[in-house]
């Protein structure tokens, strides 16, 4: 029983860690946010209890944020009541035992989140940047309707990619400075929001909640467009034809006068109803015999010559009208799809008014069947084989999940056509039992899906599609077998390729939960799917917990200086922890930095005497070692001859312009996993005093150096003599030299930042010179002022006593 409880606790901890925010970490213990642009916001929200770390001392700033964890942030940021959750869950995938249950229910009660419309919340799904904007603006209680047009601030290079439902909210969020674009000028609306960006926007949200500027709301409810007035059908003129011969000529109104020419145009009416499928005929009726012309609606003609010109350009088709009021068919062959109208021309060349517009459409296939063939592939299956030359773009499809009126787009990787199927490959796998909405509405008619016979695809959807295969039980059994094999092959430890003990225990716990679902004879397909999703998700987390290779880089401000002229001991590299290195004692921790999976590893070093290498220890276990070698042994010699550490000797003959470096290699599990080179600087030049001043009000001298100042007992330790002359005569014959006594009349020390030397007169020293000052000068004799490489020379500085 105790073992089961431990496994249950470990499983819960691991699952919470995998989820995101609902874990525990004190702000000071977050080790991976130092380089995050949202560091201050993260610490602020952790301090306020709104967000937390992942339970292992990290925050994972670039990790993805899931819907349930965003609900937690909203609930905490708005101080929603999380103590009065309903007795039964609102969503099937957020049971009362889930860590986010009370927060999700509070957000639902507040009207912030509405679910996906199928009884599900969307557990484990990512949050996009545009949806983060929508939810935060909704939480602020702002009516964002029309803000995109009103504010005109969507100047991103991919602004056209922002979904219509989100444009106004994004505009409002940008105006309130909750969100901004990326460094490349884009907004990336469908990109997944990461943990650090959510923390930053949440921090701004808290400020905006108290200091919300009033954004004018001038939107009006859009009215229904007024339909254009119906075109009146022309009324044909009364027939004056009394010729029983049935000819097309009009009888004269006055038989006693010569006949007049025909100037009355015919009237043509449309018999076909719009739309007409391509390759079929448009049927019309003209009041006179002659010719009818089917022309693009955008063209206007007043003469027969103009109409014939359109036919010659293959923009229009024509047909002969055999007799008045007879139905005449005009072919649509070779005409482009679009809007058309008809003119009639009689035998006298009179041109009628145009008919009403009729739409010429391509022949359309039946609606396709939608289904998932696997966890990433959505299939549109048609009843005809498709033309592979007409492949639509990803922008022509819309695949998303819903939360009330909100849409959460799913990124599409690519689209392909195979026989009678269009396959849409998603960028991420879809969890079993999850429902999505899919639609196809090509932005360009030329990109429409077409059959081999020329039919085009109809507009599809939005239609709901659920990925729940019939063999979900077999899939779960196979996944359990795969998880068991993964656990059995996992070696526990801190070295490369192994797994932490708690990770293996957590995987075992998740396997047991999935096994209980698989062995339950009453388990529904949805229950089996949830078991599959949980195990699959944690297996991904588990694989990511495998110990990564150690990496190496130079420590900040790392340098290595050598001097062939020094009389001191050879330079030794050791695990030295003093605040300041000296020439003869260097700390390896100030030369290199070892990391594991991007985070600083808590390691120590142990010198392996006799070899130029050090063991790397973590939790008292040797996990690898560091080898040091010289790039040029003729200039620098590296050995393990010392008892204290690795010896690095400069070879006599090296010059200040000589080039060499130390190469540090990380060896782990017998393999080199990384290396770095640290340039060696040869320095034989002593430091110089760049400025010497005396402050009479304080009785202090300041000597500034061109290098950091050191004092070495191995060479000549720092010593200073101070003499005073009232007449500035320091010659050997001068009788006006007044020497000051160290300790009695003055004191000196190296400045804390080693930038120079400070000399202070004591009250007794000032009293001795009180009858002389101001006036005269001081002579400062300096011995043993060394640089780091033990270079020094005696210097004399003369300082006016003003």
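Structure summary
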{"quantity": "Modelled label reach - residue 798, point 7 Å along Cα→Cβ, region 768-784 residues with backbone N closer than 13 Å", "calculated": "776-780"}
{"quantity": "Rotationally averaged projected area of region 550-682 (alpha carbon convex hull; nm²)", "calculated": "8.1"}
{"quantity": "Shape category assigned to region 472-544 from the gyration tensor of Cα positions, a/c cut at 1.5", "calculated": "prolate"}
{"quantity": "Rounded tilt (10° steps) of 525-544 against the dominant C-alpha axis of the chain", "calculated": "30"}
{"quantity": "Whole-Å distance, taken between Cα centres, linking region 294-330 and region 596-621", "calculated": "89"}
{"quantity": "Inter-part distance where region 117-152 and region 724-802 are each reduced to a Cα centre, Å", "calculated": "74"}
{"quantity": "More than 13 Å apart - percent of Cα-Cα pairs taken over region 357-421", "calculated": "74"}
{"quantity": "Segment residue 741-residue 350, extension gain: residue separation times 0.36 nm, minus the distance between their alpha carbons", "calculated": "128.0 nm"}
{"quantity": "Between 0 and 90°, nearest 10: helix 129-139 axis offset from the chain longest Cα axis", "calculated": "90"}
{"quantity": "The chain, relative contact order in percent, only Cα pairs under 8 angstrom and at least six apart counted", "calculated": "7"}
{"quantity": "Gap separating the Cα centres of region 531-561 and region 387-461, nearest whole Å", "calculated": "36"}
{"quantity": "Rg and Dmax [Cα atoms of region 268-352; Å; Rg one decimal, Dmax integer]", "calculated": "11.7, 33"}
{"quantity": "Normalised convex hull volume, region 689-800, alpha-carbon set, Å³ per residue", "calculated": "103"}
{"quantity": "Using alpha-carbon coordinates, inclination of helix 501-518 to the longest axis of the chain, degrees", "calculated": "20"}
{"quantity": "For region 369-466: relative contact order, % (alpha-carbon pairs under 8 angstrom, 6 or more apart)", "calculated": "33"}
{"quantity": "CD proxy at 222 nm, helix term only [per DSSP H run n ≥ 4: -39500 (n - 2.57); per residue of the chain; nearest 500]", "calculated": "-6500 deg cm²/dmol"}
{"quantity": "DSSP-defined antiparallel bridges as percent of all bridges, the chain, nearest 5", "calculated": "90"}
{"quantity": "Cα-based shape type of region 57-138, given that a ≥ b ≥ c are square roots of the gyration tensor eigenvalues and the cut on a/c is 1.5", "calculated": "rounded"}
{"quantity": "Average projection area in nm² (convex hull over Cα atoms of region 647-694, one quarter of hull surface)", "calculated": "6.5"}
{"quantity": "Packing-based order for 791-800, 39-48, using average beta carbon neighbours within 10 Å, highest first", "calculated": "39-48, 791-800"}
{"quantity": "Relative packing of 288-296, 103-111, which averages over residues the other C-beta atoms within 10 Å, highest first", "calculated": "288-296, 103-111"}
{"quantity": "Angstrom value of the Kirkwood radius, inverse mean 1/r, which spans all Cα pairs in region 625-667", "calculated": "11.2"}
{"quantity": "Largest-first principal axis extents, alpha carbons of region 61-206, Å", "calculated": "47, 30, 29"}
{"quantity": "For region 369-466, fraction of C-alpha pairs farther apart than 20 Å, in %", "calculated": "32"}
{"quantity": "For peptides 466-474, 144-152, sequence by mean Cβ density within 10 Å, most packed first", "calculated": "144-152, 466-474"}
{"quantity": "Once the Cα gyration tensor of the chain is diagonalised, semi-axes √(5λ) in Å", "calculated": "84, 39, 28"}
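A short reminder: the numbers here are calculations on the coordinates, not readings from a lab. Remember, predicted model here, so these are calculated numbers, not experimental data. Here the Cβ is made from the backbone with ideal geometry for all residues, glycine too, and neighbour counts use every protein chain on show.
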